[in-house]
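Read the structure below first, then the notes.
The values are calculated or read from the model by the stated rules, or taken from the named source; none is laboratory data. None of these values were measured; they are calculated from a predicted model. Cβ atoms come from the backbone with ideal geometry, glycine included; neighbour counts cover every protein chain shown. Note: areas computed on protein heavy atoms with side chains; ligands, DNA, RNA excluded. Shrake-Rupley method; radii C 1.70, N 1.55, O 1.52, S 1.80 Å.
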Amino acid sequence: MDKLIIQGGRPLRGVIPIQGSKNACLPIMAATLLAEAPCTLHGVPKLADIDALGVLLEELGVSVERRQRTLKLAVTDRSNCHARYELVRKMRASICVLGPLLARRGYARVSMPGGCAIGARPVDLHLRGLATLGAKIELDGGDVVARCQRLRGAEVFMGGPFGSTVLGTANVMMAAALAEGTTIIECAACEPEVEDLANFLNAMGARILGGGTPRIIIQGVESLSGCTHTVIPDRIEAGTFMCAAAITNGQVSLEPVRLDHLMAVVDRLRAVGVFVEKTATGVEIFSARQLVPADVTTQPYPGFPTDLQAQFMALTCLAEGNSVITEKIFPDRFLHVAELSRMGAQIRKEGPTAVVTGCKRLIGAPVMASDLRASAALVLAGLAAVGQTTVSRIYHLDRGYERIEERLCAVGADIQRVPDEVAIPQLAGAVA
Ligand code: UD1
């Protein structure tokens, strides 16, 4: 396991290229289980989560060939329909093989994903949606076992206590693409990644209207062919680097960026006093003055994304005054609070809300990454802090950011990746 050693206090200056979206890529890769012919994906980021899904798809009979940022996926064997616990537990997004396996093979056994550091993560809405399309679903030995003849189109409601579900919408949309008749998904997740999946499925021959809106209408087809598709730029990676530029008082251009996917983030960055300008191919971020506090509430798209809450919190730690940060998607997603506090941040947590009282400076410290986006927040805090910050357990970061330290160093950061050797204290004279 590696750790990052960050010498803080250097403003970032330059251009950071943005990779393809991890969260768009994962369900799209799963959707290739539906195809009768090979699919080619461009803009695939080199990330541990992409590799993990590639391994799972290989077990499910898909040949996965990577050349740089292009993946070729072709189904070669439809006999194994079991997504094992050992693979699913590494990455919850593996649940998105459920809909495609069921629709194309009539049977799926997918290990039930457990909770994770950001809280309980049920899949009841996925299962309810697929059952509405006619699947028989039961739990067996920790696995979801789903069976069907051909699925039938139906009206499916995807809303839950914390809004619509992104991967649940993806699962039902993929399954409905091969169902008999018309499916209407109401209260569908509107995230750009869902829209990208709909575009991919349509390129395969699906008939889907309204991807990216709360009502998706799917006219089922008999079969889907192969296609070539380029995934959208990663809005969460872009948002993270926007916060990195802002927290270091830097000036950074990001490209390519779909700024229309980031309006809530741009709004909050401007509210704390950061300059954000659209450029021909992306966006420029510039920060050169005292930050002012701003409140933020995470919400389903187009609201402020939960996946940028931790990074924005790191930024508000240096704003002069109180910022109130409320988490409406994953109410327990605050593990970064204790670590930021180790660096001198003043944060008071009350239920799903954190009140951040800005301080003059953060102070470098050893901190521990707990999940992907919390890890990014600690890196940002380290970039701004006085002195040295060590972020351990950064395997989380490698799940979602490609070579983050190299890309930040290219614009002026001072970050080293070193092996995280845990020293076990020994008594004098002890024999190893
Ligand atoms: C996706 C993203 C993740 C992001 C999240 C919310 C991927 C690979 N991951 O995760 O990065 O943080 O969207 O934008 O795209 N819920 C239920 N029942 C369900 C499903 C979800 O109650 O069956 C709840 C969840 O606990 C959570 C909320 O709904 O409170 C939203 O979760 P969901 O949109 O499903 O997250 P994911 O799709 O797993």
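Taken together, GLY321, GLY250, GLY303 contain a single residue that is over 24 Å from GLU191 (Cβ atoms) and either assigned by TED's automatic domain parsing to the domain that holds ARG69 or touching a Lys or Arg at 6+ places or on another chain (Cβ under 9 Å) (or both), which is GLY250.
Between ARG207, ARG235, the distinction of being open to solvent by 20 Å² or more (accessible area, probe 1.4 Å), within 16 Å of the ligand (Cβ to nearest atom) and modelled with pLDDT of 95 or more belongs to ARG235 only.
All told, PHE275 meets the bar of being out of contact with any Lys or Arg (no Cβ under 6 Å at 6 or more places or on another chain), of a type in the set (Phe, Trp, Tyr), farther than 15 Å from PRO192 by Cβ and open to solvent by 30 Å² or more (accessible area, probe 1.4 Å). When LEU167, LEU102 are screened for being within 20 Å of SER21 (Cβ to Cβ) and within 16 Å of the ligand (Cβ to nearest atom), only LEU167 passes.
Tally up the residues in the stretch 95-125 that are in a helix (DSSP H, G or I), farther than 23 Å from SER223 by Cα and open to solvent by less than 50 Å² (accessible area, probe 1.4 Å), please.
Residues of the stretch 95-125 that are in a helix (DSSP H, G or I), as a first pass: 95-105, 124-125.
When the remaining residues are screened for being farther than 23 Å from SER223 by Cα, the result is 124-125.
Those still in the list that are open to solvent by less than 50 Å² (accessible area, probe 1.4 Å) too: 125.
The qualifying residues number 1.
Being modelled with pLDDT under 95, over 16 Å from CYS25 (Cβ atoms) and surrounded by fewer than 17 Cβ atoms within 10 Å (Cβ to Cβ) is the requirement here; does ARG128 meet it? Spelling it out, it is not the case that ARG128 is modelled with pLDDT under 95, over 16 Å from CYS25 (Cβ atoms) and surrounded by fewer than 17 Cβ atoms within 10 Å (Cβ to Cβ).
Taking the residues in the stretch 74-85 that are open to solvent by 80 Å² or more (accessible area, probe 1.4 Å) and free of Cβ contacts under 8 Å to residues at least 24 places away in the same chain as candidates, determine which candidate is nearest to LEU139 (Cα to Cα). Taking the candidates together, the pick is SER79.
Kindly indicate whether PRO192 is open to solvent by 50 Å² or more (accessible area, probe 1.4 Å) and modelled with pLDDT of 95 or more.
Working: open to solvent by 50 Å² or more (accessible area, probe 1.4 Å): no; modelled with pLDDT of 95 or more: yes.
Criteria not met by PRO192.
In the set (1) within 16 Å of the ligand (Cβ to nearest atom); (2) crowded, with 19+ Cβ neighbours inside 10 Å, MET343 fails one condition alone, (1).
Scan the stretch 37-44 and give yes if some residue there is in contact with a helix residue (DSSP H, G or I) (Cβ under 6 Å, 6 or more places away or on another chain), under 30 Å from GLY387 (Cβ atoms) and either modelled with pLDDT under 95 or in a loop (DSSP other than H, G, I, E, B) (or both), otherwise no. Please lay out each step first, then the result.
Of all residues in the stretch 37-44, those in contact with a helix residue (DSSP H, G or I) (Cβ under 6 Å, 6 or more places away or on another chain) come to 39, 44.
Restricting the remaining residues to those that are under 30 Å from GLY387 (Cβ atoms) gives none.
Within the stretch 37-44, not a single residue is in contact with a helix residue (DSSP H, G or I) (Cβ under 6 Å, 6 or more places away or on another chain), under 30 Å from GLY387 (Cβ atoms) and either modelled with pLDDT under 95 or in a loop (DSSP other than H, G, I, E, B) (or both).
Only a single item in (1) farther than 29 Å from ASP332 by Cα; (2) part of a strand (DSSP E or B) is not met by LEU139, and it is number (1).
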